[in-house]
Amino acid sequence: MEQDGGPNPREPLRRAQAEEQRGSRAALKIFLGYAPGVGKTHAMLESARRLVAQQVDVLVGCVEPHGRPETSELAEGIEVLPRRAVLYRGTSLTEFDLDGALARRPRVLLLDELAHTNAPGSRHTKRWQDAIDLLEAGIDVHTTLNVQHIESLNDVVSQITGVRVRETVPDWMLARADEIELVNPPPEVLLVRLREGKVYFPDQAYIAADHFFRRGNLLALRELALRRAAEVLRQAREHEATPIAVGKQAHSRWRDFLKVSLVKELLRGSSGVKEHFITRDEVEQSSHGRTGPSRKQSDARGYALAALLVSIATVLASLVRAYISQADVVMIYLLTIMVVAYRWGRGPSMTAAALSVATYDFFFVPPFFTFAVEHSRHLLTFAMMFTVGLVISSLTSRLRREEREARMREARTAALYSLTGELAAVPDEEHAAEVTARHAAELFEGEAAMLLGDSTGALSIRGKSRADLSLTQEELAVVQWASDHGRMAGEGTDTLPGTHLTCAPLQAGSARLGVLALRLPSPGALHVESRNLLEAFVRQAAISIERARLAEEAKAAALRVRTEEMRSSLLSAVSHDLRTPLAAITGAGTALRDEGQRLRPEQREELFDTICTEAERLERLVGNILYMVRLESAGIVPKRDWVPLEEIVGSALARLDAKLGKRQVVLDIPQDLPLLSVDPVLFEQVFVNLIENAIKYAGRESPIEVRARTLEGTLEVEVADRGPGIPAGDEERVFEKFYRGSHAPGGGAGLGLSICRGILQAHAGSLAARNREDGGATFRMRVPLLEAPPSAVLVQDQEGTG
């Protein structure tokens, strides 16, 4: 942290990181001028020749010599990229070949006239967009630009020169520049070059000198360029650039006293930055040849209707003038002005105000049918009428604009709310893509398709507003470009506008998820407000799709964790529980093989019993593991049959006869229980596992109780014992895989109860555990009772009477 105004200890690290970032990206150098003909292209070519002399790979992508031989001579000796031919309305045009430049991949490429508009059919509308593609491909770009083409200065230049420039470059493009070289000759030099025909042809030079190239205009433009370049100060602080070279103007001291000069601003604000000021001998007088700002022409229909409504108001006032006062006539006109302002805006409403004053004077102020005024007091009425009309016009226009903006915000909010609400409930990205495509088609009244990328980045259609919607190869190319560059492309944008598809990329942070492709109902349907809504729309969709993907990844990660836990537990169980019976079997078998002849008969019988017992134990353990594998993978599909409960319980007790020994088993199974529709083999395994669990944990003298009853369409069966019970809080844990109680007397993998619950769940049943109030544990299972078919009931009756 900074202390007592001292240096920030993190500043060197930040500077090093910034320098490393600048060093790893392609550089943009702009030769900035204040008017055509100042020598920007000349300076760019001279710089390029110096680079060629240093063995730097330089390629002339596009240079416009404008018939100047000295410019063409400077380009000699530098490799020139052939132009691309474009056919437009029967005329062959030549344009910069962006694809050829990307394939050639020079170290530095010269791209003249950054604000140039490309011919229709080109990949991008503007040349500065071509420059962005080159920079993203790692190619340094040197280019030229005049100050009047900077977007934020366009209105100022229009006020200075009276000429509005249509080709502009966004300000952030200048902020992206790594170096700006100001080409700044004195206006007198430029005017001499203009008269010599080195800027325009002679006939054009005279026209230019009378309009754009007036000395006052050039002085103002030069000052504007210097001040725009003086924003090097902020860039210098951010990028630690030093020194700065600035051309110093020579002018009178009175001007320094009255107005802060550019040089003084640099000196005052450039602490820590070195400056070199280059002086010239010329003394320039400041003059301002500014003209008024140009106005947009309103719709002619609005003006015509304004005149029509004023005429209607005049006729109406004439018809009722005998019944109303002159003040009422004025109110009729004011009402007309308000209607015009609300419906057609400020221009027509001002026209309506002027016409209202004129018609009121002509028809309703004596002497009638003349513009003469009998009493001077009417002049105040006219002035107030016109002023009030203007105020009403302004207020009504603003109200109309705010109402329109409010409706747009409401529609935008409603659309996003509807999309967000539905996306919040989607389970995966496939459903999110379908929902987004449907909402986009409804909102923009067109057709929509959602294309998402897979793990390799390949795009495919995952959702569409119409089942038979498909994209052409040309449209898929636009989609791919939008995905690769992370920018909108297609109709309504500056990139590939010739296609009838608008593509908006879906991005979440640095991740590019996919593209929303819109086929709008008519050309030009994507105006500024719609574009802003589309950007908000795809941002919301991107968040939802990213959330769905993260949820899928979280599920996969959780599954991997569970699988790893199961694997570890299974290995632990196998390493102990399988090794124990195998060791016993191996030991008994080895003794029989090696000492069989010397063993007494009772000893051999005991060893044979050990082998059989441990083999049965091993078989049960392996069976439980196989059951669990089936449950964890594809699940168990019961092979149902109609069987009585007492038959299943009896079969399970028969399998456990040796383990039960003399232990008491209490059965409470009513004779009138309905048949069960279950898998007999699986259900028998449930009772085997539950009774075996009771044998293991209950004492030798503890009885095992099996009770059954019907309850609300289900069969409820309890297997209970009088053992130590379940540890407090472990009533659910006992059903977890590999769980074994701390007082388990023998081995086991801890899978039996988990398998029981899985089998019951496969039969749409349940299994729960609880402790008995008077000691012991109870396992209660419930399974739905289905209506047995008549054939099954008949078989049961026959068996009961047989």
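The values are calculated or read from the model by the stated rules, or taken from the named source; none is laboratory data. Keep in mind that what you see is a predicted model, and the values were worked out from it rather than measured. Heads up, the Cβs are rebuilt from the backbone with ideal geometry, glycines too, and the neighbour counts pull from every protein chain shown. Accessible surface areas use protein heavy atoms only, side chains included; no ligands, DNA or RNA. Shrake-Rupley method; radii C 1.70, N 1.55, O 1.52, S 1.80 Å.
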Exercise for the section: Can you tell me which residue within the range 660-673, out of those that are at pLDDT 90 or above and not in a strand (DSSP E or B), is nearest to Leu751 (Cα to Cα)? Expected result: Ile669
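Could you identify the single residue in Leu110, Leu102, Leu114 that is in contact with a helix residue (DSSP H, G or I) (Cβ under 9 Å, 6 or more places away or on another chain), modelled with pLDDT of 90 or more and part of a loop (DSSP other than H, G, I, E, B)? Spell out how you get there, then give the answer.
Working: Leu110 fails: part of a loop (DSSP other than H, G, I, E, B); Leu102 fails: part of a loop (DSSP other than H, G, I, E, B).
Just a single option satisfies the conditions, and that option is Leu114.
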Practice task
Starting from the range 767-788, keep only residues that are farther than 25 Å from Gly713 by Cα, then list their pairs with residues that are of a type in the set (Lys, Arg) and modelled with pLDDT under 90 whose Cβ atoms are within a distance under 7 Å, requiring at least 6 positions of separation or different chains.
Solution key: Gly775/Arg722; Gly776/Arg722
Completion exercise
If we ask which residues in the range 507-517 are modelled with pLDDT under 90 and either crowded, with 21+ Cβ neighbours inside 10 Å or among the hydroxyl-bearing types (Ser, Thr, Tyr) (or both), their number turns out to be 2
Practice task
Starting from the range 651-680, keep only residues that are over 20 Å from Glu705 (Cβ atoms), then list their pairs with residues that are open to solvent by 40 Å² or more (accessible area, probe 1.4 Å) and part of a strand (DSSP E or B) whose Cβ atoms are within a distance under 7 Å, requiring at least 6 positions of separation or different chains.
Solution key: Leu675/Trp642; Ser677/Trp642; Pro680/Asp641
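So which residues in the range 572-611 are among the small types (Gly, Ala, Ser), part of a helix (DSSP H, G or I), at pLDDT below 80 and open to solvent by less than 40 Å² (accessible area, probe 1.4 Å)? Walk me through it before giving the result.
Filtering the range 572-611 for residues among the small types (Gly, Ala, Ser) gives 572-573, 575, 583-584, 587-589, 591, 596.
Next cut, part of a helix (DSSP H, G or I) only: 572-573, 575, 583-584, 587-589, 591.
With the extra rule that they be at pLDDT below 80, the set shrinks to 572-573, 575.
Of everything in the range 572-611, just one residue is among the small types (Gly, Ala, Ser), part of a helix (DSSP H, G or I), at pLDDT below 80 and open to solvent by less than 40 Å² (accessible area, probe 1.4 Å), namely Ala573.
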Exercise for the section: Being without any contact (Cβ under 8 Å) to a residue 40 or more places away in the chain and of a type in the set (A, V, I, L, M) is the filter here, so list the residues in the range 470-505 that pass it. Expected result: Leu476, Ala477, Val478, Val479, Ala482, Ala489, Leu501, Ala504
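Yes or no: Ala317 within 17 Å of Phe364 (Cα to Cα), modelled with pLDDT of 85 or more and either open to solvent by less than 50 Å² (accessible area, probe 1.4 Å) or not basic (Lys, Arg) (or both)?
Values: within 17 Å of Phe364 (Cα to Cα): yes; modelled with pLDDT of 85 or more: yes; either open to solvent by less than 50 Å² (accessible area, probe 1.4 Å) or not basic (Lys, Arg) (or both): yes.
Taking the combined requirement at face value, the residue satisfies it.
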Problem - Candidate set from the range 457-484 (those that are touching a helix residue (DSSP H, G or I) at 6+ places or on another chain (Cβ under 7 Å) and outside any loop (DSSP other than H, G, I, E, B)); member that is surrounded by the fewest Cβ atoms within 10 Å (Cβ to Cβ) - result: Leu459
Practice task
Identify the single condition in (1) surrounded by 21 or more Cβ atoms within 10 Å (Cβ to Cβ); (2) touching a His at 6+ places or on another chain (Cβ under 7 Å) that Leu98 does not satisfy, given that it satisfies every other one.
Solution key: (2)
Completion exercise
Here the residues within the range 694-722 that are part of a helix (DSSP H, G or I) and either within 13 Å of Leu660 (Cβ to Cβ) or modelled with pLDDT of 90 or more (or both) are Ala694, Ile695, Lys696
Problem - Residue satisfying all of: in the range 426-447; under 13 Å from Ser544 (Cβ atoms) and at pLDDT below 85; most open to solvent (accessible area, probe 1.4 Å) among these - result: Pro427
Exercise for the section: Output the qualifying pairs, or none if there are none: Cβ atoms under 9 angstrom, residues six or more apart or on different chains, first residue in the range 151-167 and closer than 20 Å to Asn118 by Cα, second residue small (Gly, Ala, Ser) and open to solvent by 60 Å² or more (accessible area, probe 1.4 Å). Expected result: Arg164/Ser294
Practice task
Identify all residues within the range 132-191 that are aliphatic (A, V, I, L, M), open to solvent by 30 Å² or more (accessible area, probe 1.4 Å) and in contact with a strand residue (DSSP E or B) (Cβ under 7 Å, 6 or more places away or on another chain); write none if there are none.
Solution key: Ile180, Leu182
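Does Glu616 qualify as being of a type in the set (Asp, Glu), closer than 15 Å to Ile691 by Cα and either open to solvent by 80 Å² or more (accessible area, probe 1.4 Å) or modelled with pLDDT of 85 or more (or both)? Quick ask: steps written out before the conclusion?
Working: of a type in the set (Asp, Glu): yes; closer than 15 Å to Ile691 by Cα: no; either open to solvent by 80 Å² or more (accessible area, probe 1.4 Å) or modelled with pLDDT of 85 or more (or both): yes.
Taking the combined requirement at face value, the residue does not satisfy it.
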Exercise for the section: Enumerate the helices (runs of 4 or more DSSP H) found wholly within the range 6-90, keeping only those where 1 or more residues are open to solvent by 20 Å² or more (accessible area, probe 1.4 Å) and modelled with pLDDT of 90 or more. Expected result: 40-53
Exercise for the section: Kindly indicate whether any position in the range 558-571 is more than 30 Å from Val783 (Cβ to Cβ) and at pLDDT 85 or above. Expected result: no
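A quick yes/no check of all residues on (1) within 13 Å of Gly345 (Cβ to Cβ); (2) open to solvent by 60 Å² or more (accessible area, probe 1.4 Å):
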site: Phe386; (1), (2): no, yes
site: Gly389; (1), (2): no, no
site: Ser394; (1), (2): yes, no
site: Arg400; (1), (2): yes, yes
site: Arg412; (1), (2): no, yes
site: Ala424; (1), (2): no, yes
